[in-house]
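Below you'll find the structure, written out as structure tokens, and then a few comments.
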Amino acid sequence: MSTSDASHSANLNAQTVSQIANLARLSLDDTQSAEYAESLNKILGMMETLKGINTDGIEPLKSPFDNAQPLRDDVVTESNHREEYQAIAPAVQEGLYLVPRVIE
């Protein structure tokens, strides 16, 4: 795609958005098409701005953080309520809830 093609493709209009929506089997009215066209043009404009930034000599990041994220300590924060819950269950056997058979 040439530079002139790229600048033309960044200007979406409501008709183009309606055609794309039709291909995607989406239903948009004229107002929605115009709103989406405006929003998409803003996004494409931002992408064009980002393309203009000089990134020569900059290493890609694997993560935005220099160090690995620390994990929280694995500590119990709640007490075990199993006995309380099973006390009100209709049927329990050896710590398991009993339910009616659904597959034979």
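Residue-by-condition table, conditions (1) over 30 Å from Asn13 (Cα atoms); (2) under 31 Å from the mean Cα position of the chain (by Cα):
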site	(1), (2)
Gly45	no, yes
Thr55	yes, yes
Leu61	yes, yes
His81	yes, no
Val92	yes, no
Leu96	yes, no
Candidates Leu50, Leu71 - the one that is among the hydrophobic types (A, V, I, L, M, F, W, C), loosely packed, with under 10 Cβ neighbours inside 10 Å and at pLDDT below 90: Leu71
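The values are calculated or read from the model by the stated rules, or taken from the named source; none is laboratory data. None of these values were measured; they are calculated from a predicted model. When we count neighbours, we look across all protein chains shown, and the Cβ atoms used for this are built from the backbone with ideal geometry, even at glycine.
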